[in-house]
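Chemist: One structure coming up, written as structure tokens, with questions to follow.
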Amino acid sequence: MSVKLNDRYVQGFVAEDEIRKISHIAEASFGLVRNGTGAGSDFLRWLDLPVSYDREEFTRIKKAAKRIQKNCDVFVVIGIGGSYLGTRAAIEFIRSPLYNNLPKETPDIYFAGNSVSPSALSDVLRICEGKDICVNVISKSGTTTEPAVAFRVFREMLEKKYGEEGARERIFVTTDRKKGKLREFSESKGYETFVVPDGVGGRYSVLSAVGLLPIAVAGCDISKMLAGAKAARTAYTKKFSMDNDCVRYAAIRNILYNKGKVIEVLVSYEPALQMMCEWWKQLFGESEGKDGKSLYPSSMIFSTDLHSLGQYIQDGMRTMFETVIEIKNASDKVKIPNDPENIDGLNFLSGKDLSFVNDMAMKGTLLAHNDGGVANLVVEVEDRSEYSFGYLVYFFELACAISGYMMGVNPFDQPGVEAYKKNMYALLGKPGYEDHRKALNKKLK
Ligand code: PA5
């Protein structure tokens, strides 16, 4: 098993009896997911993606990735939210957050269209100067402002540089199978297209073409990633009981929430998991944060953040618990050298591997935070392989769906995201928003 839940450091905060008492709700919530009988059940296709993906498209993804690797120095991935976070999480988890700087035979990968900052976009454009470029625009709706603007800019740049014909070979589009302007436009232009599958919301889409194409370009083995997700599906979708780690994780976080622990901090001791944490925040935040309810999903990288937020966690308001992702087998070894002068007093560590220090930092912190009144769940992950990534993604996706139903919300919609868009469109002068614009301008005066 690539992923295992260890609840030993929760035992002082949640009694086995409390878990037993809530088990019927957790199991019933799992039933809603598995049987497709809960709210938003049109969006459950991700459950079976690891076994029912489109084989023809999968082969095309691998071929396109090879072509992209051969034809460009810089690959620009345009998308936001669910069309961005999982991809970046995978590349950093499996390869490195310093992927672009490390020696490799695959193109540099930059992300654009995940904000409307002119500086952020200009920086990527500057990086592209004098280089060969390919672009993958990912947008299910095709009309999301951030990626749509970035795509306009990059399309213009590619067409100027390579002409329309040349640009066609370098633009790859991932969007809805049938609907939307981007689909229509891509077909009229003759771009190679991939599909955001029906019934898969953005935040559940990393194991579809949304993530698979850019992840394959980064040189990761996407077959192994799907194999990991498939193994997780086998492990987690059969057992409805509390010894199913997905159900148990959902139940324990729900109990903690009901005890006033309203902040969940996802912690990793690997900076390579920072973007995985961002992906997880969207998954849980967008799935559960509605109807005035929900845990607030937060994240930290230790030991880095122990030197900034460690004080708060140890002694601040007792409203949080931590979920620690423990990578059992570090990808790299760094031996600590001996120093004859022992200026830092650390010669007792000479010859030891740095992963030993990381491990002891984790164990020491778990115990200290427990003593400070902070419950800790530990999600043990075998390693940073493609297989483990796929497994972990599936674990969190299923746990999140169960947890959402336990909270009594629809885990698959995101009505709240529309509020800022409506205001932004009105203020930008989008036709059809005139009255709303007037109302906003009054408030802004
Ligand atoms: O999870 C979601 O549904 C969102 O985060 C979307 O992925 C995000 O808003 C981007 O939407 P689109 O892919 O339509 O551009």
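Chemist: How many residues does the stretch 279-311 contain that are among the polar types (S, T, N, Q), within 27 Å of I91 (Cα to Cα) and open to solvent by 60 Å² or more (accessible area, probe 1.4 Å)?
Modeler: Residues of the stretch 279-311 that are among the polar types (S, T, N, Q), as a first pass: 282, 287, 294, 298-299, 303-304, 308, 311.
From what is left, the residues that are within 27 Å of I91 (Cα to Cα) are 282, 287, 298-299, 303-304, 308.
With the extra rule that they be open to solvent by 60 Å² or more (accessible area, probe 1.4 Å), the set shrinks to 304, 308.
Result for the stretch 279-311: 2.
Chemist: Restricting the search to the stretch 337-358, which residues are free of Cβ contacts under 8 Å to residues at least 60 places away in the same chain and either assigned to a helix (DSSP H, G or I) or closer than 14 Å to S303 by Cβ (or both)?
Modeler: Hits for the stretch 337-358 are N347, F348, L349, L354, S355, F356, V357.
Chemist: Something else about it: So in the stretch 128-157, with the set limited to residues that are in a loop (DSSP other than H, G, I, E, B) and over 15 Å from S115 (Cβ atoms), which one is farthest from the ligand (Cβ to nearest atom)?
Modeler: Per the stated criteria, the residue is G130.
Chemist: Next question. Suppose we filter the stretch 176-209 for residues that are within 25 Å of D221 (Cβ to Cβ) and either in a loop (DSSP other than H, G, I, E, B) or near the ligand (Cβ under 9 Å from one of its atoms) (or both); how many remain?
Modeler: Start the filter on the stretch 176-209 by keeping residues that are within 25 Å of D221 (Cβ to Cβ), which leaves 192-197, 200, 202-209.
From what is left, the residues that are either in a loop (DSSP other than H, G, I, E, B) or near the ligand (Cβ under 9 Å from one of its atoms) (or both) are 196-197, 200, 202-208.
Going through the stretch 176-209 one residue at a time, the tally reaches 10.
Chemist: Return only the number of the condition from (1) free of Cβ contacts under 8 Å to residues at least 24 places away in the same chain; (2) farther than 30 Å from K230 by Cα that D332 does not satisfy.
Modeler: All conditions are met except number (2).
Chemist: A further question on this structure: Working carefully through the options L377, L366, L440, L427, find the one that is in contact (Cβ under 8 Å) with a residue 60 or more places away in the chain, part of a helix (DSSP H, G or I) and of a type in the set (A, V, I, L, M).
Modeler: L366
Chemist: So, in the stretch 47-65, of the ones that are within 25 Å of M275 (Cβ to Cβ) and open to solvent by 50 Å² or more (accessible area, probe 1.4 Å), which residue ends up farthest from the ligand (Cβ to nearest atom)?
Modeler: K62
Chemist: Would you please list the contacts, defined by Cβ atoms under 6 Å and residues six or more apart or on different chains, that run from a residue in the stretch 80-95 that is in contact (Cβ under 8 Å) with a residue 40 or more places away in the chain to a residue that is of a type in the set (A, V, I, L, M, F, W, C) and within 10 Å of the ligand (Cβ to nearest atom)?
Modeler: S83/I138; S83/V210
Chemist: Considering the stretch 1-46 alone, what residues qualify as being of a type outside the set (S, T, N, Q), open to solvent by 70 Å² or more (accessible area, probe 1.4 Å), outside any helix (DSSP H, G or I) and modelled with pLDDT of 95 or more?
Modeler: Within the stretch 1-46, just K4 meets the criteria.
Chemist: Determine, yes or no, whether S350 is out of contact with any helix residue (DSSP H, G or I) (no Cβ under 6 Å at 6 or more places or on another chain), under 24 Å from S205 (Cβ atoms) and hydroxyl-bearing (S, T, Y).
Modeler: Working: out of contact with any helix residue (DSSP H, G or I) (no Cβ under 6 Å at 6 or more places or on another chain): yes; under 24 Å from S205 (Cβ atoms): no; hydroxyl-bearing (S, T, Y): yes.
Judged against the criteria, S350 is not a match.
Each row is one residue, and each column tells you yes or no for (1) open to solvent by 10 Å² or more (accessible area, probe 1.4 Å); (2) closer than 29 Å to A39 by Cβ; (3) among the β-branched types (V, I, T); (4) modelled with pLDDT under 95.
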{"position": "L212", "(1), (2), (3), (4)": "no, yes, no, no"}
{"position": "I215", "(1), (2), (3), (4)": "no, no, yes, no"}
{"position": "G219", "(1), (2), (3), (4)": "yes, no, no, no"}
{"position": "K224", "(1), (2), (3), (4)": "yes, no, no, no"}
{"position": "A227", "(1), (2), (3), (4)": "yes, no, no, no"}
{"position": "K238", "(1), (2), (3), (4)": "yes, yes, no, yes"}
{"position": "S241", "(1), (2), (3), (4)": "yes, yes, no, yes"}
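Chemist: Where residues in the stretch 105-148 are hydrophobic (A, V, I, L, M, F, W, C) and out of contact with any strand residue (DSSP E or B) (no Cβ under 8 Å at 6 or more places or on another chain), which of them is farthest from G81 (Cα to Cα)? So that I can check it myself, show each step before the final result.
Modeler: First pass over the stretch 105-148, keeping only residues hydrophobic (A, V, I, L, M, F, W, C): 109, 111-112, 116, 120-121, 124-125, 127-128, 133-135, 137-138, 148.
Going one step further and asking which of them are out of contact with any strand residue (DSSP E or B) (no Cβ under 8 Å at 6 or more places or on another chain), we end up with 116, 125, 148.
Numbers: V116: 13, L125: 21, A148: 13 Å.
Looking at residues that are hydrophobic (A, V, I, L, M, F, W, C) and out of contact with any strand residue (DSSP E or B) (no Cβ under 8 Å at 6 or more places or on another chain), I get L125.
Chemist: Tally time: how many residues in the stretch 377-422 are surrounded by fewer than 23 Cβ atoms within 10 Å (Cβ to Cβ), of a type in the set (S, T, N, Q) and away from the ligand (no atom under 16 Å from the Cβ)?
Modeler: Final tally of qualifying residues: 1.
Chemist: Taking interchain pairs and intrachain pairs at least six residues apart, which have beta carbon atoms under 7 angstrom, with the first residue in the stretch 174-188 and free of Cβ contacts under 8 Å to residues at least 60 places away in the same chain and the second within 11 Å of the ligand (Cβ to nearest atom) and part of a helix (DSSP H, G or I)?
Modeler: Partner pairs satisfying both residue conditions: T175/L182.
Chemist: Okay, next question. Of the conditions (1) over 22 Å from S287 (Cβ atoms); (2) within 16 Å of the ligand (Cβ to nearest atom); (3) in contact with a Lys or Arg (Cβ under 9 Å, 6 or more places away or on another chain); (4) open to solvent by 40 Å² or more (accessible area, probe 1.4 Å), F111 clears all except one; give me its number.
Modeler: So the condition that F111 fails would be (4).
Chemist: Another question about this same structure. Out of all the residues in the stretch 165-192, which are under 16 Å from A148 (Cβ atoms), touching a strand residue (DSSP E or B) at 6+ places or on another chain (Cβ under 8 Å) and of a type outside the set (F, W, Y)?
Modeler: I171, V173, T174, T175, D176, L182, R183, S186, K189
Chemist: Cβ-Cβ below 6 Å, separation at least six or inter-chain, first residue in the stretch 127-149 and under 16 Å from G202 (Cα atoms), second open to solvent by 60 Å² or more (accessible area, probe 1.4 Å) and among the hydrophobic types (A, V, I, L, M, F, W, C): which pairs?
Modeler: Filtered contacts from the stretch 127-149: E146/V116.
Chemist: Working only within the stretch 68-96, note down all residues that are within 12 Å of the ligand (Cβ to nearest atom) and crowded, with 23+ Cβ neighbours inside 10 Å.
Modeler: Correct list: I78, G79, G82, S83, Y84, L85, G86, T87.
Chemist: For the stretch 61-85, what are the residues that are over 24 Å from the mean Cα position of the chain (by Cα) and assigned to a helix (DSSP H, G or I)?
Modeler: Passing the criteria: K63, K66, R67, K70, N71.
The values are calculated or read from the model by the stated rules, or taken from the named source; none is laboratory data. Remember, it's a predicted structure, so these values are computed and weren't measured experimentally. Note: ideal-geometry Cβ built from the backbone for every residue, glycine included; neighbour counts use all protein chains shown. Remember, those area values only see protein heavy atoms, side chains included, never the ligands or the DNA or RNA. Shrake-Rupley method; radii C 1.70, N 1.55, O 1.52, S 1.80 Å.
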